[in-house]
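Here the structure comes first, spelled out in structure tokens, and everything after it is commentary.
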Amino acid sequence: MRRWNGWGDTTIDLELNAAALGFLTERIGAAQDPADALWSEALAQVQAQPSRLPPHPLVSIESAERLQASFGQSLGDWLRLRFGQLGRVTDGVAWPESREELRELLGWASAIGAVVIPCGGATSVVGHLTPPDGDRPVLTMRLGRLRRLLALDPVAQLATFQAGVAGPDLEAQLRAQGWTLGHYPQSFEYATLGGWITTRSSGQQSARYGRIEAMFAGGRLETPRGTLDIPAFPASAAGPDLREWVLGSEGRLGVLSEATMRVQRLPECERFVGVFLPDWPAGEAAARELAQARLGLSMLRLANPIETVTTLALAGHARAIGWLERALRWRGCGAGKVLLMLGLTGSAAQVRAMQAQARAILRRHGGVSTGTVLGRRWQANRFRGVYLRNALWAHGYAVDTMETAVNWPQVSATVDAIEQAGHQALQAMGERTHAYTHLSHVYPQGSSVYSTFVFRIGPDFDHAWARWTALKRAVSRAIVGQGGTISHQHGVGKDHAPYLAAEKGEQGLQAVQALIDHIDPQGVMASGNLIQGLPR
């Protein structure tokens with residue numbers, strides 16, 4: 001069963017050992033265990049908001065359905081649920097099982113003046129699912145029953161899916177026939193194909209398989225004006241690419257019902273290798289050289305010194321980690337060391353060639369390989385790390401992440417600016433944050449920058465909300481100030497919408513709004529995502 005007020009399966013728990021708690025206490029102070037609101041208390045708040053939707057046979061107004069459809073995984077969502085401060089919830093929930101039902105629901109919503117919010121796996125971390133304020137009723141359209149593989153063309157290497165298919169189901173249907181999409185974001189267990197496309201998702205192994213825009217070949221977008229069919233050409237010079245209207249549209253233009261994806265044969269061989277480097281300059285230079293050498297690696301992931309220390313501190317196995325630390329110091333990787341994870345995927349011959357080429361580059365930068373020991377551990381837990389959010393919350397600590405992408409000359413300055421902004425925002429409130437960063441997606445041109453902030457929740461909702469919004473605002477401004485994109489992989493949603501203008505400019509935002517107005521003149525999809533966000 002999935003948690004209603006946290007991440008993931010209720011049967012999976014990660015525990016913080018005494019050493020990990022001591023590590024956090026030293027850096028940000030001891031925290032008090034929070035008192036979470038009960039399910040019954042949250043349900044009572046939904047029941048106090050009678051649905052504003054008229055009856056429809058495909059729409060449920062049952063309170064539990066409405067509660068679970070109104071929140072994603074933004075820290076703002078967590079705070080509302082955990083403290084029982086829900087605010088507005090959706091008025092009804094529909095589970096369409098066909099394109100025909102989906103189109104019927106869009107027509108009905110238009111006729112009654114309702115707002116529609118598409119919902120895939122409810123994994124958004126930027127507020128996509130929050131119902132907008134106002135007098136209009138809100139219908140959340142849950143797409144998880146649209147999950148079938150409709151066609152597989154092995155010659156063209158194309159697979160067409162219903163867009164509500166979740167990651168594990170998608171891969172299972174492909175792997176049964178010897179294929180893979182290869183898109184593995186950390187939210188893989190629950191996130192859906194349509195959500196990946198409409199938020200421009202990036203999987204952990206995007207260096208080989210590409211970001212979702214490289215995989216998306218065509219599909220069907222159900223708009224309030226009708227169906228937009230996008231044929232799957234290998235390439236076209238026939239004007240603007242309609243796929244770009246769908247990619248990153250975040251539910252503002254319609255609901256993606258089907259998607260044709262570029263797939264690949266299952267790889268013969270795959271391994272992940274952990275390499276330590278002496279310091280951040282050496283690590284960044286090595287990552288850049290590896291990316292620009294275009295070796296065909298499937299993943300490059302570089303943790304800065306603070307994240308490296310944190311990873312080792314939270315790993316447990318104190319004796320083994322102590323031995324590793326001594327061995328690394330002897331090899332020149334001491335207090336400022338950084339950890340680089342490499343993914344090697346392909347035929348056995350390709351993997352051997354990549355590993356040899358990568359080894360030569362890493363040696364020049366002082367790299368010390370641990371082989372596949374750390375890589376196997378990372379691979380086994382690649383989708384479990386996010387469960388740490390639940391464990392930290394149970395001990396009084398909140399976690400939020402911010403991410404961007406910049407060109408190589410700006411990477412180090414951006415890391416410093418983001419972390420300092422987080423520290424200063426909390427210091428102004430008499431609090432501390434533990435901030436650390438990694439480069440999760442590395443390109444020849446530049447890199448993503450992904451920062452994590454751990455801080456004390458506080459005694460009540462108001463304190464927690466003030467700490468979170470101060471941190472979010474400060475870090476967002478730091479990203480904009482460094483010339484970074486407000487989102488490399490999570491999308492914009494409502495949380496980041498106020499900062500989109502810095503990237504798109506007035507003309508760009510007006511063009512996006514004009515497209516929305518043309519396709520959705522009645523504002524059926526006017527959720528507040530992407531633009532016209534709710535200011536913080």
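Just give me the residues in segment 112-134 being out of contact with any helix residue (DSSP H, G or I) (no Cβ under 9 Å at 6 or more places or on another chain) and either in contact (Cβ under 8 Å) with a residue 24 or more places away in the chain or in a helix (DSSP H, G or I) (or both), in sequence order.
Correct list: Ile112, Gly113, Ile117, Pro131, Pro132, Asp133.
Identify, please: which residue in segment 1-29 is small (Gly, Ala, Ser) and in contact (Cβ under 8 Å) with a residue 24 or more places away in the chain and is, among those, surrounded by the most Cβ atoms within 10 Å (Cβ to Cβ)?
Gly8
Can you run down the residue pairs with Cβ atoms below 6 Å, 6 or more apart or on separate chains, where the first is in segment 330-352 and at positive phi and assigned to a loop (DSSP other than H, G, I, E, B) and the partner is surrounded by 13 or more Cβ atoms within 10 Å (Cβ to Cβ) and not acidic (Asp, Glu)?
Gly332/Pro278; Gly332/Gly366
Any idea which of (1) buried (at least 17 other Cβ atoms within 10 Å of the Cβ); (2) closer than 22 Å to His490 by Cα is the one Pro168 doesn't satisfy?
Among (1) buried (at least 17 other Cβ atoms within 10 Å of the Cβ); (2) closer than 22 Å to His490 by Cα, the lone unmet condition for Pro168 is (1).
Considering only segment 450-476, how many residues are in a helix (DSSP H, G or I) and hydrophobic (A, V, I, L, M, F, W, C)?
Counting residues in segment 450-476 that are in a helix (DSSP H, G or I) and hydrophobic (A, V, I, L, M, F, W, C) gives 9.
Among (1) farther than 26 Å from Trp465 by Cβ; (2) within 27 Å of the chain's Cα centre (by Cα); (3) modelled with pLDDT of 95 or more, where does Glu15 come up short?
All conditions pass for Glu15, except number (3).
Given (1) out of contact with any Gly (no Cβ under 9 Å at 6 or more places or on another chain); (2) over 27 Å from Arg252 (Cα atoms); (3) of a type in the set (A, V, I, L, M, F, W, C); (4) in a helix (DSSP H, G or I), where does Ile479 come up short, assuming only one miss?
Condition not satisfied by Ile479: (2).
Regarding Ala109, is this residue hydrophobic (A, V, I, L, M, F, W, C) and not in a helix (DSSP H, G or I)?
no
Applying the selection to segment 212-255, what residues are among the β-branched types (Val, Ile, Thr), under 19 Å from Leu515 (Cβ atoms) and touching a Lys or Arg at 6+ places or on another chain (Cβ under 7 Å)?
Thr227, Ile230
Is it the case that Gln47 is touching a residue at least 60 places away in the same chain (Cβ under 8 Å) and over 21 Å from Ile112 (Cβ atoms)?
No.
The values are calculated or read from the model by the stated rules, or taken from the named source; none is laboratory data. This structure is a prediction, so every number in the text was calculated from the model and none was measured. Please note: Cβ atoms are built from the backbone with ideal geometry, for glycine as well, and neighbour counts cover all protein chains shown.
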